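The values are calculated or read from the model by the stated rules, or taken from the named source; none is laboratory data. The structure displayed is predicted, hence computed values, not measured ones. Positions of Cβ are backbone-derived with ideal geometry, glycine not excepted, and every protein chain shown enters the neighbour counts.
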Amino acid sequence: MAKPGARVLPGVSTLLSEGPARGTIAQGLLTGNSRRAAEIKLCHHGLWHHFPFGAFGDDSERRDELGPFGLRRAREFHGIEFAPERVWVIGDTPHDVRCAKAIGARSLAVATGGHTAADLAAHAPTAILPDLIDSDAFWSIIGG
């Protein structure tokens with residue numbers, strides 16, 4: 001995968017490593033990318049192994065329809081039911097906020113993409129962060 005501007009945003013690797021160590025976090029990937037494209041991109045950056053299950057663009061072209069796929073795969077992988085109100089969808093677009101709302105989950109909007117914090121706030125996410133650098137701020141919101 002040769003994309004010169006592709007990089008892992010500051011704080012992401014740390015948070016992905018810290019999640020499982022907390023013992024109460026089940027990490028999955030929800031993306032509009034196809035499963036194969038997501039795997040290629042995340043393998044290139046050494047992150048794919050953090051996501052044992054997920055929901056992908058192959059499941060639906062509409063991001064707000066991916067939540068049920070993710071919840072089902074989380075249940076299949078972990079063998080337990082995940083109450084949507086205890087699930088967090090973390091992303092940097094209004095699509096991610098809508099996706100969370102569609103299944104009754106919480107949303108953490110992160111202003112690291114093409115949308116400002118004010119843009120994201122207009123969609124009423126549960127919480128907003130400017131970036132993922134401050135892991136203490138992240139975990140105080142997410143819990144776990």
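When residue 59 is tested against the conditions (1) under 15 Å from the mean Cα position of the chain (by Cα); (2) over 17 Å from residue 9 (Cα atoms), the lone failure is (1). Identify all residues within region 6-22 that are touching a residue at least 40 places away in the same chain (Cβ under 8 Å), closer than 25 Å to residue 86 by Cβ and of a type outside the set (A, V, I, L, M); write none if there are none. Residues satisfying the conditions are 11, 14, 18, 19, 22.
State which residue is surrounded by the fewest Cβ atoms within 10 Å (Cβ to Cβ) when the search covers only region 6-58 and only residues that are assigned to a loop (DSSP other than H, G, I, E, B) and among the aliphatic types (A, V, I, L, M). So the residue we want is 6. With the condition kept exactly as written, say whether any residue in region 60-69 is touching a residue at least 40 places away in the same chain (Cβ under 8 Å) and either assigned to a strand (DSSP E or B) or in contact with a strand residue (DSSP E or B) (Cβ under 7 Å, 6 or more places away or on another chain) (or both). Scanning region 60-69, I find no residue that is touching a residue at least 40 places away in the same chain (Cβ under 8 Å) and either assigned to a strand (DSSP E or B) or in contact with a strand residue (DSSP E or B) (Cβ under 7 Å, 6 or more places away or on another chain) (or both), so the answer is no. Cβ separations smaller than 7 Å between residues 6+ apart or across chains give the following pairs from region 110-134 residues that are under 14 Å from residue 94 (Cβ atoms) and free of Cβ contacts under 8 Å to residues at least 24 places away in the same chain to residues that are of a type in the set (Gly, Ala, Ser) and part of a loop (DSSP other than H, G, I, E, B): 117/111; 128/111. Total residues in region 39-56 satisfying the condition of being under 25 Å from residue 82 (Cα atoms) and either out of contact with any helix residue (DSSP H, G or I) (no Cβ under 8 Å at 6 or more places or on another chain) or in contact (Cβ under 8 Å) with a residue 60 or more places away in the chain (or both): the figure is 1. Scanning region 128-143 for residues that are more than 14 Å from residue 15 (Cβ to Cβ) and surrounded by 15 or more Cβ atoms within 10 Å (Cβ to Cβ) yields one hit, 128. Screening residue 106 on (1) closer than 26 Å to residue 6 by Cα; (2) touching a Phe, Trp or Tyr at 6+ places or on another chain (Cβ under 9 Å); (3) crowded, with 18+ Cβ neighbours inside 10 Å; (4) modelled with pLDDT of 95 or more shows it passes everything except condition (1). Residue 97 falls short on exactly one of the conditions (1) surrounded by fewer than 18 Cβ atoms within 10 Å (Cβ to Cβ); (2) under 12 Å from the mean Cα position of the chain (by Cα), and that condition is (1).
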